[in-house]
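*Asks:* I have a structure I would like to understand better, so I am pasting it below and will then ask my questions one at a time.
Since every read-out is calculated from the coordinates, none of them should be taken as a lab result. Computed from a predicted structure; not experimentally measured.
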Amino acid sequence: IQTVKKQIPKNITKNHIVIEIRDYINENYMFDITLTKICNDRYLNQSFTSRKFKEIIGVPFETYLQNVRIQNACTLLSETNYSVEKIIEQVGYTD
């Protein structure tokens, strides 16, 4: 195990975690998700994960989540006849 750990650069593992989180957001944006919940579920340090997320993705976690929700809301607005209230609920906004 130690030999394998030496062969895999640490940043690949850290990048993989951020990519996993990004994919989780893309699949679960409609639910009440927070970086705190994600980090707690995965036993990750929240401040470190937040910094890495911004470094790798280019925007903070909350900004990325908001952008995904807004993009999906725009798609629903243009492709469905749902009311704005229904779309808001479907993309994860609670207020």
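*Asks:* Suppose the Debye formula is applied to equal point scatterers at every Cα of the chain; what is log10 I(q)/I(0) at q = 0.16, 0.23, 0.24, 0.25 Å⁻¹?
*Replies:* Each listed q corresponds, in turn, to -0.72, -1.14, -1.19, -1.25.
*Asks:* Counting only pairs 8 or more residues apart or on different chains, how many lysine pairs in the chain have their Cα atoms under 24 Å apart?
*Replies:* Total qualifying Lys-Lys pairs in the chain comes to 12.
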